[in-house]
Each structure stands twice: as structure tokens, then as C-alpha cells.
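The values are calculated or read from the model by the stated rules, or taken from the named source; none is laboratory data. Predicted, not measured: the structure shown is a model, and the values here were computed from it. Quick reminder, even Gly has a Cβ in these numbers, built from the backbone with ideal geometry, and neighbours come from all protein chains shown.
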Amino acid sequence: MSADTPCAKPLPQILPETAGFWEAARRHRFVVQRCTGCGRRQYFPRAVCHHCLSEALAWEEVSGRGVIHSFTIIRQVQHAGFSSDVPYVYAVIDLDEGFRMIANIIRTPPECVRVGLAVKVAFADVTPELTLLQFESA
Ligand SMILES: [Zn+2]
């Protein structure tokens, strides 16, 4: 890589147990797994139900809405791939369906982010194969 080549961001690996999640994200849908054995849902995607260990899991769309539980504003570049992003917000989000996830908050000025802020999912197409789930103020 030359000095002129921007450093790429590290991207998630698509694993067999997460492929359905990423395929839905490419279509701008946010899905979680529902166990057809015990009927409960889970996020993040796993190979088995974390309640009953069944491998019978189906994908189910969720609202993509929630509130910020906690957040931090990243102001220092720890990886060159993010140098043009700082400052940016990295948040823990409580989704309306009861799941908690970590994601970037985008299209929302960092000074406007607060605990309890209502957010909604925003899909970021980063490669032809990969779309990331991020969030923005609702
Ligand atoms: Zn189950």
C-alpha cells in the first residue's frame, strides 16, 4: 500500500451463522433470529438458540428503532481507516424489541447525542457484499 492509498476500515466477517443477517442488511432489512423450537428471539446471530440450544432458527424482521443506552464520542484516530470519520459517536442502543446492540450514530451531530435519544436504523452500503447497520436520530 502506498502512502497515497487510503487505509481500508476493518469489516465484519460473514460467517455461516450470520449470513442471513448480512443478506437481509444488503436488502436494508434488520432481522434477528427466532427459535422455532422455543419461540424466543435472539440477537446477535448464533448457530444455536441461546435459550434452548435448538438449531432450528428463522429470521424475523424487527423495527430498527430504539434509544441510546450509553455512548462515547471517538475523537482520536485508533485506526487509519477511520481518520476521516472523527469525531464520531459509538453507542449502545436498546432496541424496542428488547435487544441491546452496539453501532455508530450517523447523520446526528455528536453534541446532539444523549442517553435516551430515540434512534432508528440507517443502512450503510460499504461494499457490494456488505451493508452495515448504523443508527441516526429518529
Ligand atoms: Zn430456543
Selection status of residue 91, more than 20 Å from residue 26 (Cα to Cα) and more than 15 Å from the chain's Cα centre (by Cα): no
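I need the full set of residues from the stretch 93-110 which are free of Cβ contacts under 8 Å to residues at least 60 places away in the same chain, part of a loop (DSSP other than H, G, I, E, B), closer than 18 Å to residue 33 by Cβ and touching a strand residue (DSSP E or B) at 6+ places or on another chain (Cβ under 7 Å), in order please.
Selection gives 96 alone.
Every residue, every condition in (1) surrounded by 16 or more Cβ atoms within 10 Å (Cβ to Cβ); (2) polar (S, T, N, Q), yes or no:
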residue: 79; (1), (2): no, no
residue: 84; (1), (2): no, yes
residue: 94; (1), (2): yes, no
residue: 109; (1), (2): no, no
Positions within the stretch 17-39 being closer than 19 Å to residue 65 by Cα and not aromatic (Phe, Trp, Tyr), in sequence order: 24, 25, 26, 27, 28, 29, 31, 32, 33, 34
Count - residues of the stretch 30-77 that are within 8 Å of the ligand (Cβ to nearest atom) and under 19 Å from residue 124 (Cα atoms): 0
In the stretch 104-123, residue nearest to the chain's Cα centre (by Cα) [restricted to those that are of a type in the set (A, V, I, L, M, F, W, C) and either modelled with pLDDT under 95 or within 10 Å of residue 68 (Cα to Cα) (or both)]: 105
Residue in the stretch 68-75 that is surrounded by fewer than 12 Cβ atoms within 10 Å (Cβ to Cβ), modelled with pLDDT of 95 or more and either out of contact with any strand residue (DSSP E or B) (no Cβ under 8 Å at 6 or more places or on another chain) or in the same structural domain as residue 33 (by TED's automatic domain parsing) (or both) present: yes
Inter-residue pairs, beta-carbon under 9 Å, first among the aliphatic types (A, V, I, L, M) and in the stretch 117-129, second surrounded by fewer than 12 Cβ atoms within 10 Å (Cβ to Cβ), 6+ apart: 121/63; 122/107
